[in-house]
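In what follows, a structure is listed as structure tokens, so that the remarks can point back to it.
The values are calculated or read from the model by the stated rules, or taken from the named source; none is laboratory data. Since the model is a prediction, treat every value here as computed from it, not as a measurement. Note: ideal-geometry Cβ built from the backbone for every residue, glycine included; neighbour counts use all protein chains shown.
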Amino acid sequence: MFQSHIGEFAGLGVSVCWTMSALFFEKAGHKIGSLSVNFIRLLFAIVFLGITTFFSRGLFFPTDATAYQWFWLGLSGFIGFFLGDMFLFQSYMVIGSRTAALIMSLAPMLTAVIGWFFLNETLSPKSIIAIVVSVSGIIIAISNRKMKLNIPFKGFLLAFGGSLGQAVGLILSKKGMGHYDPVAATQIRAVFGLVSFSVLITALGRWNKLGQAFTHTSALKSVTVGAFFGPFVGVALGLFAIQHTKTGIASTLMALVPIFIIVPSAIMFKEKIKPQQIIGAIITIGGATMFFL
């Protein structure tokens with residue numbers, strides 16, 4: 001069973017890794033700001049990825065990638081690591097993280113639709129039902145009674161941009177990667193994301209603030225742990241997942257972070273676990289289980 005569903009298991013692994021990275025990036029973001037966290041996490045990830053490929057492939061940098069792979073993976077890094085994350089973090093400022101996360105739940109469906117048009121991927125009725133059930137569970141888990149439907153249109157567009165960035169990033173990654181090493185492919189994406197953030201930091205004149213962030217020891221520790229589980233292990237696992245299963249299925253399993261994060265977040269940030277979070281988690285797990293039947 002494991003071998004026949006290795007892509008799906010990898011997708012679940014991504015959610016576990018991204019749960020860890022989200023907790024530690026949130027912790028660091030309160031201390032040094034999201035822009036500094038984004039830059040440092042990608043810098044550390046490139047080093048982690050290079051060390052891994054040096055021992056696994058004898059290359060610290062993906063010099064063996066073709067121009068085709070550099071183009072599509074680089075474009076994926078720009079859209080996914082840079083634009084998608086930038087829109088998402090900005091949406092937190094406008095509509096809050098809970099509402100933004102609700103809109104981000106559209107990512108698996110967007111990925112499935114774009115994958116159908118762009119990669120000619122077709123999903124079975126069972127897989128479509130599983131995606132709908134899983135996303136419904138996520139929506140229930142992260143919603144609350146006080147959530148207003150009349151959210152600012154700007155906030156909706158920003159969060160939707162984050163969701164679309166994640167979906168398009170995955171599709172472009174699959175198109176550019178082919179059978180290329182997922183870890184090296186992740187490094188290419190991270191390089192383009194880092195270069196993009198460097199241009200933004202230069203335009204905003206934030207290099208001094210970034211330099212100060214490197215002196216914040218506790219924040220750097222959190223970013224290091226987050227970078228290990230996020231853009232290093234998590235994203236590499238994500239690319240491995242889309243190599244071995246449909247992008248819509250992989251995206252759904254990667255979107256289980258709001259479910260996995262419930263208990264750790266409650267412990268780390270002293271938050272109460274609400275009944276709808278438990279109900280949503282049960283529904284989502286049921287939907288995710290359908291992929292393995």
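Could you please find all residues in region 275-293 being touching a Lys or Arg at 6+ places or on another chain (Cβ under 8 Å) and at pLDDT 75 or above?
Of all residues in region 275-293, those touching a Lys or Arg at 6+ places or on another chain (Cβ under 8 Å) come to 290, 293.
Within region 275-293, no residue meets the criteria.
With the condition kept exactly as written, say whether any residue in region 118-125 is in a helix (DSSP H, G or I) and surrounded by fewer than 22 Cβ atoms within 10 Å (Cβ to Cβ). Step through it out loud before you land on a result.
In the first step, residues of region 118-125 are kept if they are in a helix (DSSP H, G or I); the result is 118, 125.
Now restrict to residues that are surrounded by fewer than 22 Cβ atoms within 10 Å (Cβ to Cβ): 118, 125.
Scanning region 118-125 turns up at least one residue that is in a helix (DSSP H, G or I) and surrounded by fewer than 22 Cβ atoms within 10 Å (Cβ to Cβ).
Of the numbered conditions (1) surrounded by 15 or more Cβ atoms within 10 Å (Cβ to Cβ); (2) without any contact (Cβ under 8 Å) to a residue 12 or more places away in the chain, Ala167 fails exactly one; give the number of that condition.
(2)
Condition first: farther than 9 Å from Phe229 by Cβ and part of a helix (DSSP H, G or I). Now tell me which residues in region 4-21 satisfy that. Break it down into steps so the answer makes sense when it comes.
Initial filter on region 4-21 (farther than 9 Å from Phe229 by Cβ): 4-15.
Hits for region 4-21 are Ile6, Gly7, Glu8, Phe9, Ala10, Gly11, Leu12, Gly13, Val14, Ser15.
Go through Gln90, Gln69 for me and flag whichever is surrounded by fewer than 20 Cβ atoms within 10 Å (Cβ to Cβ), of a type outside the set (A, V, I, L, M), out of contact with any Pro (no Cβ under 6 Å at 6 or more places or on another chain) and at pLDDT below 80.
On the way: Gln69 fails: at pLDDT below 80.
Exactly one residue qualifies, and that residue is Gln90.
Do you know which of the residues in region 1-30 that are among the polar types (S, T, N, Q) and in contact (Cβ under 8 Å) with a residue 40 or more places away in the chain is surrounded by the most Cβ atoms within 10 Å (Cβ to Cβ)?
At the first step, the residues of region 1-30 found to be among the polar types (S, T, N, Q) are 3-4, 15, 19, 21.
If we keep only those that are in contact (Cβ under 8 Å) with a residue 40 or more places away in the chain as well, we get 15, 19, 21.
Values: Ser15: 22, Thr19: 22, Ser21: 25.
Filtering first and then ranking leaves Ser21.
Pairs needed: first member in region 172-188, among the aromatic types (Phe, Trp, Tyr); second member anywhere, not in a helix (DSSP H, G or I); C-beta distance under 7 Å; at least 6 residues apart or different chains.
Here the result reads Tyr180/Ala65, each pair linking region 172-188 to a residue that is not in a helix (DSSP H, G or I).
Anything in region 63-83 that is over 18 Å from Phe232 (Cβ atoms) and in a helix (DSSP H, G or I)? List them, or say none.
Ala67, Tyr68, Gln69, Trp70, Phe71, Trp72, Gly74, Leu75, Phe78, Ile79, Leu83 - these are the residues of region 63-83 that are over 18 Å from Phe232 (Cβ atoms) and in a helix (DSSP H, G or I).
Kindly provide the set of residues from region 31-56 that are surrounded by fewer than 21 Cβ atoms within 10 Å (Cβ to Cβ), assigned to a helix (DSSP H, G or I) and either at pLDDT below 90 or out of contact with any helix residue (DSSP H, G or I) (no Cβ under 7 Å at 6 or more places or on another chain) (or both), ordered by number.
Lys31, Ser34, Leu35, Val47, Ile51, Phe54, Phe55, Ser56
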